[in-house]
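Derivation of every value follows stated rules applied to the coordinates shown; laboratory data play no part. Small disclaimer: the values here were computed from a predicted structure and weren't measured. Cβ: placed from backbone, ideal geometry, glycine included. Neighbour counts: every protein chain shown.
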Protein chains: 2
Amino acid sequence: MMELKQVILGFLEWKPLTGYELKSLFSTLDFLPWSGNNNQIYTSLIELERVGLVEKRTIQQEKLPAQKRYHTTEAGRTRLKEALLQPSEAPAIRNDFLLRLAWAQCLSASEIEGIIDEYRLRVEAELSICQERTRRGQAAQYRSKREAYVWGMLQRNREMVLETELNWLAQLRSGLAKGKKEGKQ
Amino acid sequence: MMELKQVILGFLEWKPLTGYELKSLFSTLDFLPWSGNNNQIYTSLIELERVGLVEKRTIQQEKLPAQKRYHTTEAGRTRLKEALLQPSEAPAIRNDFLLRLAWAQCLSASEIEGIIDEYRLRVEAELSICQERTRRGQAAQYRSKREAYVWGMLQRNREMVLETELNWLAQLRSGLAKGKKEGKQ
DNA sequence: TTAACCATGTAAAAAGTTACATGATTGT
DNA sequence: ACAATCATGTAACTTTTTACATGGTTAA
């Protein structure tokens, strides 16, 4: 299991960052399953430094609080590579809509139509946000063509998952409509 | 956010179950994002009973420990329906492979090919398990045709997600192979 | 003047996992 | 003899979220 700290190590290998900058990365990148709240980021950085996987430069600023800019150490790079070569599990999905649909028996046909439609709109909105980010993502700083391609594919992964969800929803709707015509029970 | 307790409420509305039976459901159904360990199940049941959403019948057995079979109350049914009508978020995905791929810059081309292939096999294996469960799932006890259809679609959702992952992986592989031919950097 | 951004951290609570604890039955 | 199934529960730990705490800058 890839841990939060290992992901932070990856970012710091990409370029030195402050806790604040990491936080904003966690809130803008879809493939990161963590919220990136203060407690996660700042305590992780302190711990990573304590065990010698990262180091920091403190930069005094005139008017703003001092920045602590972290970068990886040799030990950090070694640890990161180890983590990257571990086997990955199949994707784990948390889908609240499926949990609700499972008990659709408790709902009327029109209530089911209602929650399907509400969910479809939600997924479509999410897909739009995702596509918008893909467009803007072109501006990011990549170290190579391969890295740029890979990050494009990370974004594409999320888009494909959401598109699949919409296709599945369309199937669900037509299947339910068909069953309704053919008679209930 | 659909909670574990609400899902338990859903199962007990379907039919009265013991903690042990709930546990085995949690470990066999793919769309449930919880492990269904003892602590989750038994403390949830005790809490649900305490607040009056479920009740139990204790059944003495000759040779085995007593079963506590839980069923929903009227308040439980009301609470469940409330939860079902709440809006659902877009699916949240935890994909460790994406987290590793993000830092592929740290790996050689052949190491990347290695982790892609390992992951592909993992996803294919998961898809097989999933398809096998779909076949067996036909035997389950459903309260209506609609319920049988919906549960089939729950299973189909997971299959489609895994198929999409395999398609995406194929794209990734060919894209990386193409980039390699065109020259590095 | 109000919101967003910059910038750091800590405390408390909730959610989730692993391990501990007990013990009989049934099939290989 | 060993593993799997049946059946319940608790303790300790890890992970994650939410809220608290501080305080200056910048743009609408």
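State, to one decimal in nm and shortest first, how far the label point of B:Gln61 sits from each corresponding label point in the other identical copies (label point: 7 angstrom along Cα-to-Cβ).
Label point to label point, same position, other copies: 6.4 nm.
Give me A:Ile46, B:Ile116 sorted ascending by neighbouring Cβ count inside 10 Å, so fewest comes first.
Final ranking by Cβ density, sparse to dense: A:Ile46, B:Ile116.
Using only Cα atoms, locate the centre of segment A:1-55 and the centre of segment A:135-185, then give the distance between them in Å, rounded to an integer.
Using only Cα atoms to place each centre, the spacing works out to 27 Å.
If each label sits 7 angstrom from Cα along the C-beta direction, how far apart, in nm, is A:Glu47 from its counterparts in the other copies?
Here A:Glu47 shows inter-copy label distances of 2.4 nm.
What's the average, rounded to a whole number, of partner chain beta-carbon atoms within 10 Å of each residue's beta-carbon in B:159-167?
Mean shielding by partner chains, rounded to a whole number: 4.
When a/c reaches 1.5 or more, the comparison of a/b and b/c decides; with that in mind, is segment A:96-181 rounded, prolate or oblate per its Cα gyration tensor?
prolate
Can you work out the PRE-style zone for B:Tyr142? Point 7 Å along Cα to Cβ, and I want the residues of segment A:105-149 with backbone N under 14 Å.
In segment A:105-149, the label zone of B:Tyr142 (backbone N under 14 Å from the point 7 Å along Cα→Cβ) covers A:105-106.
Going by the alpha-carbon gyration tensor, a ≥ b ≥ c the square roots of its eigenvalues, is segment B:4-84 rounded (a/c under 1.5) or, if a/c is not under 1.5, prolate (a/b greater than b/c) versus oblate?
Verdict is oblate for segment B:4-84.
With only Lys, Arg, Asp and Glu charged, each at its Cβ (+1 for the first two, -1 for the last two), find how big the charge dipole of segment B:96-181 is about the Cα centre; round to the nearest 20 debye.
400
Please identify, among B:Lys15, B:Lys68, B:Lys145, the residue showing maximal mean-square fluctuation in a Gaussian network model of chain B using a 10 angstrom Cα cutoff.
For chain B, modelled as a Gaussian network with Cα springs under 10 Å, the answer is B:Lys145.
Using only the alpha carbons of the protein assembly as shown, determine the length spanned along each of the three principal axes and report them from longest to shortest in whole angstroms.
66, 46, 43
For the protein assembly as shown, with only Lys/Arg (+1) and Asp/Glu (-1) charged at the beta-carbon, what is the dipole magnitude about the Cα centre, in debye rounded to 20?
With Lys and Arg at +1 and Asp and Glu at -1, about 160 debye.
Given H placed 1.01 Å from N in the peptide plane, which residues other than close sequence neighbours of B:Val54 have an amide H under 5 Å from its amide H?
B:Glu49, B:Thr73
Counting other beta carbons within 10 Å of each residue's own, what order do A:Val123, B:Val54 fall into, fewest first?
Lowest to highest Cβ neighbour count: A:Val123, B:Val54.
Pairs on different chains or at least eight residues apart, Cα atoms closer than 20 Å: how many lysine pairs in segment B:1-107 fit?
Final tally of qualifying lysine pairs is 12.
Where does each of B:Met160, A:Met2 land when they are ranked from fewest to most other beta-carbon atoms within 10 angstrom?
Least to most surrounded, the residues fall as B:Met160, A:Met2.
With no solvent and one point per C-alpha, what does the Debye sum give as log10 I(q)/I(0) for chain B at q = 0.17 Å⁻¹?
The Cα Debye sum returns log10 ratios of -1.16.
Once the piece of chain linking B:Glu113 and B:Ser128 is laid out straight, how much longer is it, given 0.36 nm per residue of separation minus the C-alpha distance between them?
Gain on stretching B:Glu113 to B:Ser128: 3.1 nm.
Please report, for A:Gly152, the nm distances (one decimal) from its label point, 7 Å out from Cα along the beta-carbon direction, to the equivalent points in the remaining copies, shortest first.
4.0
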